[in-house]
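Notes to accompany the following structure.
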Amino acid sequence: MNFQISAELIEQHNRRERPGLMRAEASLRRELRRRKLNPDRVFLAARHFVVAVPSWGLAAGGTRFARFALPGEPRDIYEKLEDAAALHRLTRQNPTVSLHLPWDRVENPAGLRAYARRLGLRFDAMNSNTFQDQPGQKLSYKFGSLCHTDPAVRAQAVAHNLEVIEIGKKLGSRALSVWIGDGGNYPGQVHFRRSFDRYLESLGKIYAALPRGWRLYLEHKPYEPAFYFTVNADWGTSYVAAASLGPKALCLVDLGHHLPGTNVEAVVARLIRQGKLGGFHFNDAQYGDDDLSAGAINPYRLFLVMNELVDAAQDPAVKNFHPAFLLDQSMNLKDPIEDLIQSTEALHRAFIKALLVDRAALSRAQEKNDPALAERALKQAFETDVTPWLGRVRLENGGAIDPIGVFRQSGYRRAKIKERA
Ligand SMILES: [Mn+2]
């Protein structure tokens, strides 16, 4: 029997933390009533918050420069699910895992699905990988994959995506995320229009193979690995591709995939307006695709994104709005489980704060061209300390009030270092 974090330890911790939490929560509820908000309604919405975990976020990351060994890290997808289950025991907010093929070798999808079910987990979107070569691969992706000039390379990349869909079907997944590194480093290297034609043609074949009820997420990124020109570099390109493919194709917004200064929340609003927002890869960044913990650098930006989502969810005019939430980060320094706890908490915090925005006051200020009062409506919500509800929601759902405290005391990583030696 592999080591697990016990329900007794969580309960023991929660008993100790509970009185202080309840006092803090009562004071938060009083403050919200004073602002004429209904605390019960906000709490109910806050309770249902969940976010999927990326399988690659459970082991040591750091793909750009170097990887440092993480003692006790999972060695295969089964051990990654074991760690995801430990995370979910603590938060009760991470019930699904997103796989990345072929990084995750899935030889027996039915067996893996049963194993996940026993751990209380399900599978989220599948991720294909045609941005690097795999051992034994016939044709190279050095000069591209879905957009390659050679039809044989494109066919190989399409076939990989179809295989990922097939495995995803057996795992109970309902979506495929496609990010490609196709592009070029030098002016003249790639024909802009024709490479995009090839992108659409290849995606069309993948789209045609989507099972009923599936969605195709297109993820854009401005640069890296292609520095001069990237085929799907921005939300506009991504939108054009999704719109020309059809209703099952949607745009995925990775918070780190924007040039410095981009107004990401406005990008989100634009995609919502077009009925094309598929979901998110949440993380934070100082420069580019840094893949840091969500909200680590700029929690206000995260709040402003959540604000757009809450605003859209409450607007009856908005259609086709079911954004998927996935974390996408690469752990280099922190323990991955602690990092994912912190990101989940940062998202939950931003989401609850967005629920506190006085939308009537904000709307009035906007109509009257009153930037001071409009900003105040946002800042009042953002500056409210909703910490008591983070713990309270976890407690209500059977998780830990202080997940990192329990994780440290459990000795989980120490046990895994021994088991996985
Ligand atoms: Mn991503």
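What follows is calculated from the coordinates using simple rules that are stated; it is not laboratory data. On a predicted model such as this, the values are computed, not experimentally measured, just so you know. Virtual Cβ from ideal backbone geometry, glycine too; neighbours counted across all protein chains shown.
Hand me the tally of lysine pairs in the range 48-353: alpha carbons under 24 angstrom apart, and the pair either on different chains or 8 or more positions apart.
20
Please give me the summed charge of the neighbours of TYR300: other residues whose Cβ is under 12 Å from its Cβ, Lys and Arg +1, Asp and Glu -1.
0
Under a Cβ-Cβ cut-off of 11 Å, what is the net charge of the residues other than ASN127 that fall near it, where Lys and Arg count +1 and Asp and Glu count -1?
That sum, taken over residues with Cβ under 11 Å, equals -4.
Could you list, bin by bin from short to long, the percent of Cα-Cα pairs of the range 138-209 in 5 Å steps?
3, 16, 27, 22, 15, 9, 4, 2, 1
Between the range 27-85 and the range 253-321, how far is it from one alpha carbon centroid to the other, in angstrom?
17 Å
Would you tally the net charge around LEU200, using a Cβ to Cβ cut-off of less than 13 Å, leaving LEU200 out, and scoring K and R as +1, D and E as -1?
+2
Can you bin the chain into rounded, prolate or oblate? Criterion: square roots of the alpha carbon gyration tensor eigenvalues sorted a ≥ b ≥ c, rounded for a/c under 1.5, prolate for a/b above b/c, oblate for the rest.
Verdict is oblate for the chain.
Could you give me D for the range 283-416, from Stokes-Einstein at 25 °C and 0.890 mPa s, where the hydrodynamic radius is the Kirkwood radius over C-alpha pairs? Units µm² s⁻¹, please.
Estimated diffusion coefficient is 147 µm²/s.
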